[in-house]
1. Could you tell me which of the residues Ala52, Ala48, Ala86, Ala74 is open to solvent by less than 10 Å² (accessible area, probe 1.4 Å), touching a residue at least 40 places away in the same chain (Cβ under 8 Å) and in contact with a helix residue (DSSP H, G or I) (Cβ under 8 Å, 6 or more places away or on another chain)?
2. For the condition away from the ligand (no atom under 16 Å from the Cβ) and aromatic (Phe, Trp, Tyr), what is the one hit in Tyr152, Tyr114?
3. Taking interchain pairs and intrachain pairs at least six residues apart, which have beta carbon atoms under 6 angstrom, with the first residue in the stretch 191-220 and over 14 Å from Ala145 (Cα atoms) and the second more than 12 Å from the ligand (Cβ to nearest atom) and not aliphatic (A, V, I, L, M)?
4. Are there any pairs with C-beta distances below 7 angstrom linking a residue in the stretch 117-131 that is on the phi > 0 side of the Ramachandran plot to a residue that is open to solvent by 100 Å² or more (accessible area, probe 1.4 Å), with the two at least 6 apart or on different chains, and if so which?
5. Contact list please: Cβ distance under 6 Å, first residue in the stretch 370-394 and surrounded by 22 or more Cβ atoms within 10 Å (Cβ to Cβ), second residue of a type in the set (Gly, Ala, Ser) and in a helix (DSSP H, G or I), pairs at least six apart or on different chains.
6. Please count how many residues of the stretch 208-223 are within 8 Å of the ligand (Cβ to nearest atom), surrounded by fewer than 24 Cβ atoms within 10 Å (Cβ to Cβ) and of a type in the set (A, V, I, L, M).
7. For the stretch 8-33, how many residues meet the condition of being within 24 Å of the chain's Cα centre (by Cα) and part of a strand (DSSP E or B)?
8. For the stretch 229-244, does any single residue satisfy the condition of being assigned to a strand (DSSP E or B) and either under 21 Å from the mean Cα position of the chain (by Cα) or within 10 Å of the ligand (Cβ to nearest atom) (or both)?
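The values are calculated or read from the model by the stated rules, or taken from the named source; none is laboratory data. Quantities reported herein were computed from a predicted structural model and do not represent experimental measurements. Cβ sites come from the backbone with ideal geometry, for glycine too, and all protein chains shown count toward neighbours. Protein only, heavy atoms only, side chains kept; ligands, DNA and RNA dropped before computing areas. Shrake-Rupley method; radii C 1.70, N 1.55, O 1.52, S 1.80 Å.
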Amino acid sequence: MSTPVYQNFIHGQFLANQSGNTFDVKNPATDTVIYKVEIADESIQQAAIKSAQQGFAQWSAMTPVARSRILLKAVALLRERNDELALVEVLDTGKPMQEANCVDIETGADVIEYFAGLAPTQLGQQQMVGDDFYYTRKEPLGICAGIGAWNYPLQIACWKSGPALAAGNAFIFKPSEETPLGAIKLAEIFIEAGVPAGVFNVVQGAGEVGQWLTAHPQIDKVSFTGEVGTGKKVVASAASTLKDVTMELGGKSPLIVFEDANVEQAVSAAMLGNFYTQGEICTNCTRIYVHKTLYQSFIDELKARTEKNIIAGDPQDLNVNFGALISKKHQELVLSYIDSGLSQGATLLTGGTALSPASAPNGYFVAPTVFVDCHDDMSIVKEEIFGPVMSVLVFEDEDDVIKRANATHLGLAAGVFTQDIKRAHRVIHQLQAGICWINAYGNSPAEMPVGGYKQSGIGRENGVETLDHYTQTKSIYVGMSDIESPF
Ligand code: NAD
């Protein structure tokens, strides 16, 4: 059987490139090429911009209620096709179906639904200034670009396009070259729901296509999800045309477990925040600070549950709860961090090796790994690994652990486990992170704004405020009396 080839999705249909250049996409659980994708060459790039200009003219002229109605149809189609879309994500990412079929599509649809609901509620202001007055309008920015990471491909495309489209913008999305199909499926759904051609185009390729989007003078905003280092390049490039930017970048988030915490609950949070999606989640609590008095019981429970309850294997098997990493290269990177943990003196509690499960022997698996006896200056404690590697550290004093938790250039997320309500809020208020949880970890409903402090990000996704990131305020002053002029 020949390998399918997907073209770029421009103006409501697939469009062939002129160069004929393609890239391969592999299933991380089998190490086989599952399809090829045409790279967006110059002909595609020009077509994408022209189409988005036309799309924007039509879409921005519609009433918010009309846009909302169409977006809600797309939401219904996403939910109707949940399992089919979940399979696309499983094959592209290597994540378990038992996650994808209840999280990835659902949380993407939730966000589009949320912003479709909010779109008609956007209000301007009006105020008298003497006899004169002014009023404001919330206008869309124009053509926005989205650049996605590979861990939640379809969800990221939904989280970016939902508010952008609700506010009346056109959108050009470039998915990660590792996981390009989900965005195409979303583009088809938007068209089927009645979104006009050109409002959501998908261009394909790696960094150079992303770079083109960030520098293009007709693009008014870039919303980026990816690594801190790439984010800096994106901001620098966007600066050449002073584009608006939203940056959703990496993290090295702390979870602090106090002496009065429920150990079982705290271990659940630590495992979810390190092993869900085989550790490839930006908000993961990869630094777990456990109070000295609880340390032994915490690591005993953690080891027992990690070794007993995690099932790695063919991600399509509904019993499997732990999938393959995105690529061979990423697997090697994660294993090299494990080596550095060992050479820098951490003790391996469990895991630490590649895995070759019987049902997916060629997949890029790394065992769920826990290091104990960690110190703050180890590479595994300081750097984002983006794999299933947890570092456990001990603390005794509240002020001291807050200082240690904050001693990083990143600030995406943080968590606290304690039964003491005053301490919970007191500590969380001092943690330098944009997304915080108390006696919970990882939940991210559409209503809650998410984004990073420090080098973990700029701007927010989700929540009411995100519509502001996709609109600009026009102030209109209205003179009611004659102009007084010295001239
Ligand atoms: P990455 O930075 O390597 O790539 C992200 C995207 O940027 C890809 O689409 C890539 O093709 C594109 N790109 C590469 N070079 C570019 C350039 N010069 N200009 C424009 N675009 C360019 O990241 P990744 O490996 O795909 O994803 C993993 C990272 O994403 C982790 O650091 C993770 O923490 C982060 N992440 C953050 C969030 C969040 O919401 N904060 C969510 C998911 C992932």
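1. It is Ala74.
2. Values: Tyr152 fails: away from the ligand (no atom under 16 Å from the Cβ).
Residue meeting the stated conditions: Tyr114.
3. Ile191/Gly12; Ala193/Lys73; Pro196/Gly55; Pro196/Gln58; Pro196/Trp59; Ala197/His11; Ala197/Gly12
4. Matching pairs, first to second residue: none at all.
5. Phe371/Gly341; Ile380/Gly341; Gly387/Gly279; Pro388/Gly279
6. Of the residues in that region, 1 qualify.
7. 8
8. Yes, the stretch 229-244 has at least one match.
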